[in-house]
Amino acid sequence: MNIDPLSVSLFEMRLEEIHRADPWLRYEISIRDFIALFPMRYKNGKPVKPEHPAAFGVDREVYLKVLVAFRQSFQGK
């Protein structure tokens, strides 16, 4: 696997920004738990986009922000 720790850290920073910007998330789930909802998975050495978490009710708008953050963090990987 070709794991780029800088891109993973960048993705986690963007998840933290999403968490802090959403007034509802700040009171419902901690930053660490929010990041844990979107674990990094790799297939054939490439990062796979995170799935919508079933364990916690993340609304569509937040999930779309997560997908944008993923794409920006792992562009061209």
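Quick note: the coordinates plus some simple rules give every number you see, no bench work behind them. In this text the structure is predicted, and so the values were computed from the model without any measurement. All Cβ positions, even for glycine, are placed from backbone atoms using ideal geometry, and neighbour counts span all protein chains on display.
Would you mind finding the one in F56, F38 that is touching a helix residue (DSSP H, G or I) at 6+ places or on another chain (Cβ under 7 Å) and among the aromatic types (F, W, Y)? Don't jump to the end; show me each part of the working.
Details: F56 fails: touching a helix residue (DSSP H, G or I) at 6+ places or on another chain (Cβ under 7 Å).
So the residue among F56, F38 that is touching a helix residue (DSSP H, G or I) at 6+ places or on another chain (Cβ under 7 Å) and among the aromatic types (F, W, Y) is F38.
I need the full set of residues from segment 1-19 which are touching a helix residue (DSSP H, G or I) at 6+ places or on another chain (Cβ under 7 Å) and closer than 22 Å to E61 by Cβ, in order please.
Initially, segment 1-19 is screened for residues touching a helix residue (DSSP H, G or I) at 6+ places or on another chain (Cβ under 7 Å), giving 7, 10-12, 14-16, 18-19.
Residues satisfying the conditions are L10, F11, E12, R14, L15, E16, I18, H19.
Could you list, in sequence order, all residues of segment 1-36 that are of a type in the set (D, E, K, R) and under 9 Å from the mean Cα position of the chain (by Cα)?
Within segment 1-36, E12, R14, E16 qualify.
From the residues in segment 3-60 that are farther than 22 Å from Q75 by Cβ and acidic (D, E), which one is surrounded by the most Cβ atoms within 10 Å (Cβ to Cβ)?
My answer is D22.
Can you list the helices (runs of 4 or more DSSP H) lying wholly within the chain that have 3 or more residues being of a type in the set (D, E, K, R)?
Details: elements: 5-21, 23-28, 31-36, 60-73.
Result: 5-21, 60-73.
Are there any pairs with C-beta distances below 6 angstrom linking a residue in segment 6-18 that is in contact (Cβ under 8 Å) with a residue 60 or more places away in the chain to a residue that is assigned to a helix (DSSP H, G or I) and of a type in the set (G, A, S), with the two at least 6 apart or on different chains, and if so which?
Qualifying pairs under 6 Å: S7/S73; L10/S73; F11/S73.
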